[in-house]
Each structure stands twice: as C-alpha cells, then as structure tokens.
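I have placed the structure first, in the form of structure tokens, so that the comments after it can refer back to it.
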Amino acid sequence: MKIISLSFLWGIVFTVLIFAFMCCAIGEDFIRHKDRRHPALYKYVIFIFMGILLTVFSFLFIILTATNILKIMSGIDMSHSPLVSFIGMFFMGEAIFILARYFAYILAPEFTKKSESEIVQAQKQTILLSILNVFIELFVIGYYRDVLWYVISWIFC
C-alpha cells in the first residue's frame with residue numbers, strides 16, 4: 001500500500017479529531033450532568049455508535065482515496081477522482097452535522113432556545129436523519145469490508 005496524496009495525513013488528523021470530539025462531548029456531558037442523564041443512557045449509546053461509524057467511514061474513505069489500495073486489490077483507481085473525493089467529503093460533512101444535531105436536540109435539548117413543539121419536531125427529523133445516515137455508512141463499510149480488513153491487518157501485523 002502506497003500513500004499517493006498529502007490529503008492522507010490531513011484525513012487521518014481529521015478522523016482522530018472527530019473521534020476526540022465525540023469522546024470529549026460525551027465525557028463532559030456525563031461529568032457535568034450525571035444526575036439527570038442516567039435514564040437516557042441508550043441515547044448516549046446511539047450517539048457513540050454513530051460516532052464510531054463516522055470514524056470508521058472517514059478512515060475507510062481516506063484509505064480509499066489517498067492510497068492505491070483499490071488498484072492493488074481490484075484494479076480500480078479512485079485516488080485521482082475529484083468526484084469521489086467531493087462525494088465523500090460531502091457525506092462526512094453531513095454525518096458530522098447530524099452528529100452535532102443529535103447532540104444538540106436529543107442529548108441536550110434543554111439548552112436550545114426553541115419552543116417545545118419545535119424541539120420535538122427537530123428531534124423527529126434528527127432521528128430520521130440519523131437512521132438514514134447509519135444505514136448508508138453501514139452499506140459503504142460493508143461494501144468495502146475487504147479493503148478495511150486488509151488495512152487493519154496491515155496496520156496491526
């Protein structure tokens with residue numbers, strides 16, 4: 001596997017920062033509001049699951065576009081395709097937006113300045129967006145699971 005773009009390093013830094021943000025947001029919220037958050041533990045599990053999926057998707061996207069791994073494994077060269085890079089960056093931005101919206105409207109709705117009905121409507125939209133986002137990420141990760149396992153085994157062996 002050969003790194004063919006400088007964006008590989010920036011992508012890895014970005015992926016690590018996404019994961020660090022997710023962990024810090026959960027940790028800070030747990031420490032600050034541990035008495036009020038206990039009944040809603042499943043909401044945090046969903047947030048963590050979405051964050052881990054986003055991290056894995058980001059890592060996989062960076063590996064696919066900034067290395068020659070697909071050319072080695074299946075003869076497809078996606079490394080110089082600006083359309084693939086744009087689509088991946090757009091989807092990662094959308095996933096980060098959904099993750100931040102989930103944190104704002106599902107985990108901490110008391111800090112928003114909207115009315116109760118607007119918060120409920122935003123929560124419904126956020127849950128729908130989260131479900132669709134998780135399905136898309138699972139599909140992409142499942143489709144390229146061979147590449148992901150190859151890279152993970154390459155890193156740890």
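The values are calculated or read from the model by the stated rules, or taken from the named source; none is laboratory data. Fair warning: this is a prediction, and the values are worked out from it, not measured in the lab. Note that each Cβ is placed from the backbone with ideal geometry, even for glycine, and that neighbours are counted across all protein chains shown.
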If you go through Phe30, Phe21, the only one that is surrounded by 15 or more Cβ atoms within 10 Å (Cβ to Cβ), assigned to a helix (DSSP H, G or I) and out of contact with any Leu (no Cβ under 6 Å at 6 or more places or on another chain) is Phe21
Any residue that is free of Cβ contacts under 8 Å to residues at least 24 places away in the same chain, in a helix (DSSP H, G or I) and surrounded by 14 or more Cβ atoms within 10 Å (Cβ to Cβ) - is there at least one of those in segment 1-17?
no
Next on the checklist: Just checking, does segment 86-97 include any residue being farther than 25 Å from Ala66 by Cβ, part of a helix (DSSP H, G or I) and at pLDDT below 85?
Outcome noted: no
Take the conditions crowded, with 17+ Cβ neighbours inside 10 Å and of a type in the set (A, V, I, L, M, F, W, C) and apply them to Met50. Does it pass? yes
In segment 102-157, residues that are among the aromatic types (Phe, Trp, Tyr), surrounded by 13 or more Cβ atoms within 10 Å (Cβ to Cβ) and under 19 Å from Gly51 (Cβ atoms) total 3
Check: Just to be sure, is Leu83 touching a residue at least 12 places away in the same chain (Cβ under 8 Å), out of contact with any Pro (no Cβ under 6 Å at 6 or more places or on another chain) and not in a loop (DSSP other than H, G, I, E, B)?
Finding: no
